[in-house]
Every structure is written in C-alpha cells, then in structure tokens.
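Participant: Take a look at the following structure, please.
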Amino acid sequence: MNIATKPLDLKSETAALLAALGVDSAAFTGGDMASRTPVTGEVIAHLPTDSADDAKAKIDAADAAFRAWRQVPAPRRGELVRLLGEELRAHKADLGRLVSIEAGKIPSEGLGEVQEMIDICDFAVGLSRQLYGLTIATERPGHRMMESWHPLGVVGIISAFNFPVAVWSWNAALALVAGDSVVWKPSEKTPLTALACQAILKRALARFGSDAPDGLSQVLIGGRDIGEVLVDHPKVPLVSATGSTRMGREVGPRLAKRFARAVLELGGNNGGIVCPSADLDMALRAIAFGAMGTAGQRCTTLRRLFVHESVYDQLVPRLKKAYESVSVGNPLTSSSLVGPLIDKPAYDAMQKALEEAKAAGGSVTGGARVETGATDAYYVKPALVEMPAQTGPVLEETFAPILYVMKYSDFDAAIADHNAVAAGLSSSIFTLNMQEAERFLAADGSDCGIANVNIGTSGAEIGGAFGGEKETGGGRESGSDAWKAYMRRATNTINYSKALPLAQGVSFDI
Ligand code: NAD
C-alpha cells in the first residue's frame with residue numbers, strides 16, 4: 001500500500017522507456033507542457049506543444065500524404081498495419097509499462113491495452129482485403145449498379161486519458177487500411193504514450209518501404225485549443241472524438257457546421273440488472289471487475305446496479321466485503337487491483353458525488369482517500385452506495401469508482417430505470433432465465449450500444465462495433481462494419497446497352 005516501499009525514479013524510467021521505444025528526447029524534455037504520472041503525482045516530462053500554425057502545417061502534410069496513400073492498393077496498405085502489429089508485439093512490455101506509468105493502470109491492464117492494439121491491427125489486416133461494396137439489381141435493362149468504397153481523407157483522432165493508446169489504434173488501424181492519413185490529438189494528461197505510438201509506427205513505416213508517403217501519421221501535442229484546430233480544419237473530413245459528453249457537445253456542432261463527419265465516443269453511465277435466478281458467484285466477480293477495475297475510470301465502468309429484492313441480501317453484503325478488502329495502491333510496486341485516480345479534480349468530483357448521494361439518502365461503503373505518502377497522488381477506496389432511488393448523482397457519470405446499488409421488485413420497472421439516464425453506452429443482465437435475457441436484448445430492452453448477458457459492462461473485444469447511443473454520441477469504432485465511417489461510398493451505375501432507359505419510367509425524348 002505504501003508507495004515508499006520501493007524507491008521509484010519514474011522520471012528516469014519514463015525517459016529510458018521512451019528512448020527504447022524510439023522517441024527523441026527533444027520531444028519530452030525542456031518543453032512548456034508538464035506531464036505527470038498519477039502513480040506518484042510527480043512531473044516526469046516536459047513536452048514542447050504545437051501552436052495553431054504547427055497544427056495546421058501537420059494537417060496540410062497529412063492531406064498531401066493522403067493523396068498519395070489512397071493510390072496504394074488496400075492489401076498493400078494492410079501490410080503497413082501488419083508491420084505495426086509486429087512492432088507492437090515486439091514493444092508490448094515497454095509500451096504497457098509506459099501506459100501504467102502515465103495512466104496509472106495496473107500492469108495487466110497496461111499490457112491488455114497494448115494487446116487490444118495488436119488485436120485491432122490483426123483485424124484491420126484482414127479487412128484490407130475485404131473492403132467490399134455491394135452489387136445491386138437495377139431496374140434498367142443492360143445496366144449494372146454497384147457500390148465502391150474509396151478512401152476518405154485526413155482522419156482526426158481526439159482521445160481521452162483513460163485509454164491512451166488503444167483508442168488511437170482502433171481508429172488508426174482502420175483509417176490506414178481504408179487509405180486515409182491520421183492526425184492524432186491525444187489527451188493532455190497522457191501525451192507520452194502518444195509519442196511512443198508514433199515512434200512505433202515510424203519503425204513499421206521504415207520497414208514498409210517508399211510507397212508510404214511522409215506525413216501519413218501526425219501527433220498534435222497540446223490542450224483542447226489544439227483539438228479545436230483539428231475539429232475546425234476544412235481538410236479533415238472525419239473527426240473521431242473520444243472523451244466526455246461535455247467535449248462532444250462542443251465538438252459535434254462544430255463538425256456539423258462544416259458538414260464533416262463525427263464519430264463521437266462519449267461518456268457512459270452503465271447499468272446492470274441482477275435477477276432472481278442469477279449465478280451470484282459469477283455476478284459478484286463480474287460486478288467487482290466492472291465497477292472497480294481501472295479505478296472506475298473506464299467509459300464502460302459499471303456505475304448503477306439494480307438487484308432483485310429476493311437476492312439483494314445475499315449479494316450486496318458479499319459485494320460490500322469485496323469493496324472493503326480490495327487492494328488499493330501503487331500499481332508499479334504492489335499487486336494492487338486498484339490504482340490511482342488520474343488527478344485531484346477526479347478525486348474532488350468523486351467526493352462531491354458521494355456527498356450528494358448521502359444527501360439523497362444513500363448509504364456509503366468506502367470512498368475514502370488512501371494515503372500513500374505522495375501528496376499529489378490520489379488513491380481511493382472504491383465506493384459502493386446503497387441508494388433508495390435513482391436520483392441526484394446516480395443520473396450522472398462521475399469518472400471514479402462509485403457503484404450505486406438499488407433494489408427492484410418489478411422487471412419492467414428495472415428496465416425502465418436502467419434506461420432512464422442520458423448516456424447509453426454499455427449494459428449487463430445477470431440471469432439464467434431465458435425470457436429475461438432475451439427481453440433485455442430485445443427492442444424494448446436495454447437502449448445501449450452494448451448489451452451483455454452474464455458478463456460485465458466493461459472489457460469489450462475489438463471484433464464488435466464499439467460505441468453507444470443517446471449522450472454517448474452514437475459513434476461506432478473498432479470491429480464489425482465500423483470501417484465504413486472511414487471511407488466514402490460511391491454508387492456507380494454502368495450502362496452497357498445501346499439504349500438510354502430512364503429510371504422510374506421517365507421519358508425525355510429530344
Ligand atoms: P475530456 O472530454 O476531458 O477530454 C478528451 C479529449 O478531448 C482530450 O484530448 C481533450 O483535450 C479533448 N477536448 C476537450 N475539449 C475539446 C474541444 N472543445 N475541442 C476539441 N478537443 C477537446 O475527457 P477525459 O477526462 O480525458 O476522459 C474521460 C471521459 O471520456 C469520460 O467521460 C469517459 O466516459 C469518456 N470516454 C469515452 C469512451 C467511449 O468510447 N465512449 C472511451 C474512453 C473515455
């Protein structure tokens with residue numbers, strides 16, 4: 001628990017990791033933007049930031065690269081992503097460790113994030129030979145109709161701190177096989193892992209050969225002002241933005257104003273329902289990981305739990321025990337399951353939500369700060385809050401480990417309550433009753449982009465489309481047919497007859 005048990009020199013270790021990954025030291029020393037590790041709260045690097053003019057120049061370079069890259073055949077583009085996957089495999093340990101240092105994740109989650117990058121690269125390589133369009137029956141004789149999928153342009157990527165590398169890879173791997181170039185504005189809280197990813201991609205590009213143009217991948221270092229340059233730039237036809245709903249409310253209308261495409265991956269307020277027939281041992285484990293894993297800092301974190309009154313007294317005391325006993329501490333020097341919150345504002349927001357919950361009649365287990373000796377690091381005991389009803393802070397996403405637990409008696413009412421929040425990202429039901437499970441997945445069941453049965457709300461695989469409805473933004477990334485957002489579709493009609501019949505029987509004889 002005490003971070004002083006083993007002396008750490010995270011600044012030196014970070015510099016060594018970045019050097020091993022191929023990042024030039026000028027990119028993380030002597031700059032104007034301080035980068036902190038949430039593990040100890042100390043400053044570990046100073047990065048030079050991009051000005052608006054720098055950002056525009058990088059976007060111009062990416063646009064020029066796009067014009068060459070779109071001419072490279074898609075399976076060949078897939079070869080670049082295959083090499084990226086190889087480089088990620090080779091550098092998994094170093095990049096995973098850097099994720100743990102910069103985002104505070106426990107080692108298996110840091111490594112898991114890099115594994116997710118490798119998985120999406122594999123997926124995208126296969127996709128590079130499967131960018132299929134349809135052949136469509138036409139009503140006109142001697143005609144053929146088909147769809148072609150073409151590269152779109154520069155893809156802007158804005159990412160959040162909590163998945164500092166995976167979100168980039170979900171977008172970049174698909175964009176690169178689709179024939180697009182990418183410009184990435186990572187979170188200002190996690191810029192170092194972005195530099196590392198760029199260096200790893202550079203290694204893949206060096207092995208790929210000269211048909212990859214310079215400027216294909218760019219990183220913009222800075223705050224939201226630099227993100228706004230990307231959002232407003234006319235040469236960026238798609239921005240995939242991951243972060244809070246507040247951010248999406250600003251970014252979405254700006255993109256709409258210039259008719260650019262948006263993939264918005266915003267906040268979640270994810271719920272689960274535990275039914276009378278649930279396997280409670282399994283539910284307990286799934287709930288514990290879903291609610292406490294990554295210190296409650298996943299967009300898919302379980303935040304609301306509806307437990308049937310007949311099993312409430314069996315499940316909730318066991319859950320409370322798990323909350324009381326879970327190990328919280330330095331993820332780099334201990335085998336803790338719960339690492340730090342990202343910063344003080346996150347801690348303050350958690351305490352405020354807990355006060356509001358108490359005022360609304362909630363009974364709180366946990367939630368206190370865990371002292372580690374580092375004044376600028378914010379470790380907390382995850383909080384379980386028994387609530388009399390779904391009111392006040394339960395209706396909002398607080399990006400911290402708080403699980404609100406409520407009792408239900410009527411299944412339809414539980415589904416209605418589950419859906420009665422603004423966000424619509426992920427959801428779960430725990431039941432062995434087929435009717436309940438199917439109802440939860442049906443049109444009048446969960447209204448989320450992700451609906452699971454007998455597994456938790458978090459830990460999605462890359463093969464499915466990832467994203468959510470309502471204030472989660474409606475975007476889809478990663479697997480399934482999410483690639484279509486990164487390409488433009490042309491419908492082609494070819495007349496191979498000697499006549500010119502018009503559609504809908506229209507005649508226009510001149
Ligand atoms: P945030 O909204 O504070 O920042 C996210 C990114 O947006 C950062 O890079 C930031 O610089 C940029 N940004 C902020 N305002 C901007 C603006 N006006 N124009 C352009 N860029 C702007 O989010 P955060 O605190 O880093 O991350 C936590 C949030 O992200 C949570 O709400 C979480 O649920 C959400 N999230 C969602 C998903 C998803 O896939 N749905 C995934 C991860 C995180």
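Values quoted throughout were computed directly from the atomic coordinates according to the rules given, and no laboratory measurement underlies them. Owing to the predicted nature of the structure, the values given are computational and were not obtained by experimental measurement. Methodologically, a virtual Cβ is constructed for each residue, glycine included, from the backbone with ideal geometry; neighbour enumeration extends over all protein chains shown.
Participant: Applying 1/(1 + (r/R0)^6) with R0 = 25 Å to the Cβ-Cβ distance of residue 24 and residue 89, what FRET efficiency is obtained, to the nearest 0.05?
Facilitator: 0.60
Participant: May I have the pair-distance distribution P(r) for segment 185-304, computed from all Cα-Cα distances with 10 Å bins from 0 and rounded to whole percent?
Facilitator: It works out to 11, 28, 28, 20, 11, 2, 0, in whole percents.
Participant: Kindly rank 34-42, 10-18, 467-475 from highest to lowest mean number of other beta carbons found within 10 Å of each residue.
Facilitator: By packing density, highest mean first, the sequence is 467-475, 34-42, 10-18.
Participant: Okay, next question. For the chain, compute Rg over Rh where Rg is the Cα radius of gyration and Rh is the Kirkwood radius from the inverse mean 1/r over Cα pairs.
Facilitator: 1.01
Participant: When all alpha-carbon pairs of segment 270-463 are counted, what percent fall beyond 32 Å?
Facilitator: Here the long-distance tail beyond 32 Å is 11 percent of all Cα pairs in segment 270-463.
Participant: Looking at segment 357-472, what % of its DSSP beta bridges pair antiparallel, to the nearest 5?
Facilitator: Just about 45 percent of them are antiparallel.
Participant: Mind checking the alpha-carbon convex hull of segment 394-509 and giving the volume per residue in Å³?
Facilitator: About 216 Å³ per residue, rounded to a whole number.
Participant: Which angle between 0 and 90 degrees, to the nearest 10, do you get for helix 52-69 versus the longest principal axis of the chain when only C-alpha atoms count?
Facilitator: Here the helix axis deviates by roughly 50 degrees.
Participant: Shifting gears a bit: Can you tell me which lysines have their Cα less than 28 Å from the Cα of residue 56? Leave out same-chain residues fewer than eight positions away.
Facilitator: Within the straight-line cut-off, residue 56 pairs with 185, 189, 202, 235, 257, 484.
Participant: On to the next question. Once amide H atoms are placed 1.01 Å from N in the peptide plane, what residues at a sequence separation of 5 or more from residue 261, or on another chain, have their amide H within under 5 Å of its amide H?
Facilitator: Counting only residues 5 or more places away or on other chains, the set is 238, 239.
Participant: A follow-up question, please. When DSSP assigns beta bridges and you keep just the ones with both residues in segment 270-463, what percent turn out antiparallel, to the nearest 5?
Facilitator: Of those bridges, close to 20 percent are antiparallel.
Participant: Can you tell me how segment 32-113 classifies by the Cα gyration tensor, rounded, prolate or oblate, using a/c under 1.5 as the rounded cut?
Facilitator: Verdict is oblate for segment 32-113.
Participant: Round to a whole angstrom and tell me the spacing of the C-alpha centers of segment 261-334 and segment 161-238.
Facilitator: For segment 261-334 versus segment 161-238, the Cα centre distance is 33 Å.
Participant: Determine the shape class of segment 49-207: with a ≥ b ≥ c the square roots of the Cα gyration tensor eigenvalues, call it rounded for a/c under 1.5, and otherwise prolate if a/b is greater than b/c, oblate otherwise.
Facilitator: Since a/c reaches 1.5 and a/b is larger than b/c, the shape of segment 49-207 is classed as prolate.
Participant: Going by C-beta contacts inside 10 Å, put 381, 498, 321 in order with the fewest on the left.
Facilitator: 498, 321, 381
Participant: Roughly how tilted is helix 309-325, in degrees to the nearest 10 and between 0 and 90, from the longest Cα axis of the chain?
Facilitator: 80 degrees
Participant: Add -39500 (n - 2.57) for each DSSP H run of 4 or more in the chain, then divide by its residues: what number comes out at 222 nm, to the nearest 500 deg cm²/dmol?
Facilitator: -12500 deg cm²/dmol
Participant: Just to be sure I understand: of the beta bridges DSSP finds with both ends in the chain, what percent are antiparallel, rounded to 5?
Facilitator: Taking every DSSP beta bridge with both residues in the chain, the antiparallel ones total about 40 percent.
Participant: Cα extents of segment 314-399 along the three principal axes, largest first, in whole Å?
Facilitator: 40, 32, 17
Participant: For segment 373-450 and segment 469-510, what is the separation of their Cα centres, given in Å?
Facilitator: Each part reduced to its Cα centre gives a spacing of 39 Å.
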